[in-house]
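Engineer: I'd like to ask you about the structure that follows.
The values are calculated or read from the model by the stated rules, or taken from the named source; none is laboratory data. Quick caveat: nothing in here was measured; it's all calculated off a predicted structure. When we count neighbours, we look across all protein chains shown, and the Cβ atoms used for this are built from the backbone with ideal geometry, even at glycine. The accessibility values were calculated without ligands, DNA or RNA, using every heavy atom of the protein model including side chains. Shrake-Rupley method; radii C 1.70, N 1.55, O 1.52, S 1.80 Å.
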Amino acid sequence: LVLALAVAKDGRILWEEGFGKADRENDIAADENTMYSLASVTKTFTATGLMTLVQAGKVDLDRPINDYFGEAKLVARVGDINQVTVRRVANHTSGLGTAEQFFYGDERKLVPSMDQSIARYGNIVREPGSRYSYNNFGYGLLDYVVERVSGMPFADYMRQNVYLPLDMTHSSIGVAPGLERYAAVRYGPKRERIPDYGFAEPGAAAMYSSAHDLVRYGMFVQGQRVPGQKAILDRHSLDAMIQNAAKEGEGDYYGIGMQVMDLGKYRWIGHGGSMSGVSTTLMMVPSEGITVVVLGNLSGAPVGKVSEAILKTLLPDWGRPEVAKAATATPPKPAPELDAAVALPASLTGDWRGVVHTYEGDIPAVLRVLPSGQVHLRINDQLWSLVNSVKFEDGRLSGRALSHLQTQDVSRRRHAVRLDLELDGDTLKGEAMAGSGPVGPAGVQDPYFVFGLNHWMELRRATAGGSPTGE
């Protein structure tokens, strides 16, 4: 095991301990004060920082988020931009397209400003409020709101207004100066040391913290008195993070930086995280006054099994928590399969021609749907690509093709293009997402997730029928 954990009940820490090495090469053991990269558990703290500004009357959850930005604004390709509120961004119902970028080693100098990211990828591709769709870019936008409203860098605001008041002395955005010796190294699935990496959206995944700090945060959220802590949020603000949550699935909700899950007689709140070299979970069971924290610095570390075992020990009638389903910083990208043709409506058959809109200009595109159900994509002057894993559900055509876009942002890695297009009469329109990561032998070869970047695609019916090789 390569883990650190902490367990508390009714305001008292029952157990905190580290197992394995925080740094194998330098023989540094893990303990309860080791700082682990948190992945998406970061979102809970970005939301906490945001709520301090809401409580102070400086941010309105139901105001359009564009009101808090500068010259760069989100653009509504679908729906009313004024319905893209801070609350909807926080509970993943804003309609934002996918936009997340990781930068490894020397690439960190390429991290764009948030204004650049908004100008390039700030597309609303679904009707705001229509459905839940987990989105890391949204939490990059929220950390930007915190910066602009407070007038402080996000990391500084979090340190001064969240971490220090809560006596979280081993917590920071990234690894803050002076804390380097506490930070756990990230390791990949083959126990390889992963190059250090950063993010274009720090509010989604950039926090480091210790098991000791996190379990004390869980006690604070539940209203338990913790020595050394200040009440940075009142009960009303804490409850707002949980109440009026968006429905993710049956008994599964997402509030403001908090996942909420009803599991038998119990409800747990918190968050999970998973990305290259990181597996984490923070779980609270308020009815029982319980907080469980399990942190791993290894891809695929068994944080779900460990937290489940702890909860079953504390609560013998505890059901199986869907910890693995907890929202993550980088949800696994399924490998494209060279699958057989699927049954598609006859109305889709034929050629659909149009463009992919990018920040560097429009790129011509053709989608060809054959009577057999096979779908092919051609972008610009590239060869035709078979679209794999094709689905047509609720009027939306989706699939993945080994095509590529040609902007500077996506040219740094090989990538595939994932389509999510809505049929609207004689138009197919929606998201063409360029994604690079470990997608299997049939797809893009990259050991770690690198980016997922949306581009707006609009196609109009051109012809009926057609072949996959000719114009």
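Engineer: Run the 1.4 Å probe and let me know the accessible area of Lys230, rounded to the nearest 10 Å².
Structural biologist: Counting only protein heavy atoms, the figure is 140 Å².
Engineer: To the nearest 10 degrees, how steep is helix 42-55 against the longest Cα principal axis of the chain, on a 0 to 90 scale?
Structural biologist: For helix 42-55, the angle is close to 80 degrees.
Engineer: Follow-up. What length, rounded to one decimal in nm, is gained on full extension from Asp62 through to Arg460, with 0.36 nm per residue of separation minus their alpha-carbon distance?
Structural biologist: Additional length available on full extension: 139.7 nm.
Engineer: Give the residue from Ile194, Leu179, Ala246 lying farthest towards the positive end of the charge dipole for region 168-279; charges sit on Cβ (+1 for Lys and Arg, -1 for Asp and Glu) and the dipole is referred to the Cα centre.
Structural biologist: Looking along the dipole axis, the top candidate is Leu179.
Engineer: For the pair Asn82/Ser389, report the inter-label distance in nm, with labels modelled 7 Å from Cα in the Cβ direction.
Structural biologist: Taking the two extended label points, one gets 3.9 nm.
Engineer: Let me ask something else about it. For region 392-409, in order, what is each residue's ³J(HN,Hα) by Karplus, 6.51 cos²θ - 1.76 cosθ + 1.60 with θ = phi - 60°, in whole Hz (x at glycine and Pro)?
Structural biologist: For region 392-409, the Karplus-derived couplings read 9, 9, 6, x, 10, 9, 9, x, 9, 10, 8, 9, 8, 9, 10, 8, 4, 4 Hz, x marking Gly and Pro.
Engineer: Please determine, in degrees from 0 to 90 and to the nearest 10, the orientation of helix 136-150 with respect to the longest principal axis defined by the Cα atoms of the chain, where the helix direction is its Cα long axis.
Structural biologist: 60
Engineer: Give the calculated FRET efficiency between Leu164 and Ala343 to the nearest 0.05, with a Förster radius of 56 Å applied to their Cβ-Cβ distance.
Structural biologist: Calculated transfer efficiency: 0.45.
Engineer: If you don't mind, there's one more thing I want to ask. Given +1 on the Cβ of Lys and Arg, -1 on the Cβ of Asp and Glu, and no further charges, what dipole in debye does region 101-255 carry about its Cα centre, rounded to the nearest 20?
Structural biologist: The calculation lands at about 260 debye.
Engineer: So, one more: Which percent of the accessible area of the chain is formed by carbon and sulfur heavy atoms (probe 1.4 angstrom)?
Structural biologist: Result for the chain: 49 percent of the exposed heavy-atom area is carbon or sulfur.
Engineer: Nothing charged except the Cβ atoms of Lys and Arg (+1) and of Asp and Glu (-1): what's the magnitude of the dipole of the chain about its Cα centre? Round to the nearest 20 debye.
Structural biologist: Using only the charged Cβ atoms, the result is roughly 300 debye.
Engineer: Return the long-range amide H neighbours of Ala462 (sequence gap of 5 or more, or a different chain), with a cut-off of under 5 Å between placed amide H atoms.
Structural biologist: Asp351, Trp352, Arg353
Engineer: Ordered by packing density, taken as the mean number of other Cβ atoms within 10 Å over each peptide's residues, highest first, how do 379-387, 83-91 rank?
Structural biologist: With the highest mean Cβ count within 10 Å placed first, the list reads 83-91, 379-387.
Engineer: Pairs Lys230/Lys312; Lys265/Lys312; Lys21/Lys190; Lys21/Lys312; Lys73/Lys429: which are spaced more than 23 Å apart, C-alpha to C-alpha?
Structural biologist: Listed pairs above 23 Å: Lys230/Lys312; Lys21/Lys312.
Engineer: Quick check: the angle from helix 211-221's long axis to the longest principal axis of the chain, C-alpha only, nearest 10 degrees?
Structural biologist: 90
Engineer: For region 1-79, what size does the Cα cloud have along each of its three principal axes, sorted from largest down, in whole Å?
Structural biologist: Principal extents (Cα only, largest first): 51, 36, 21 Å.
Engineer: Measuring with a 1.4 Å probe in the full set of protein chains, what accessible area per residue, in whole Å², belongs to the chain?
Structural biologist: 40
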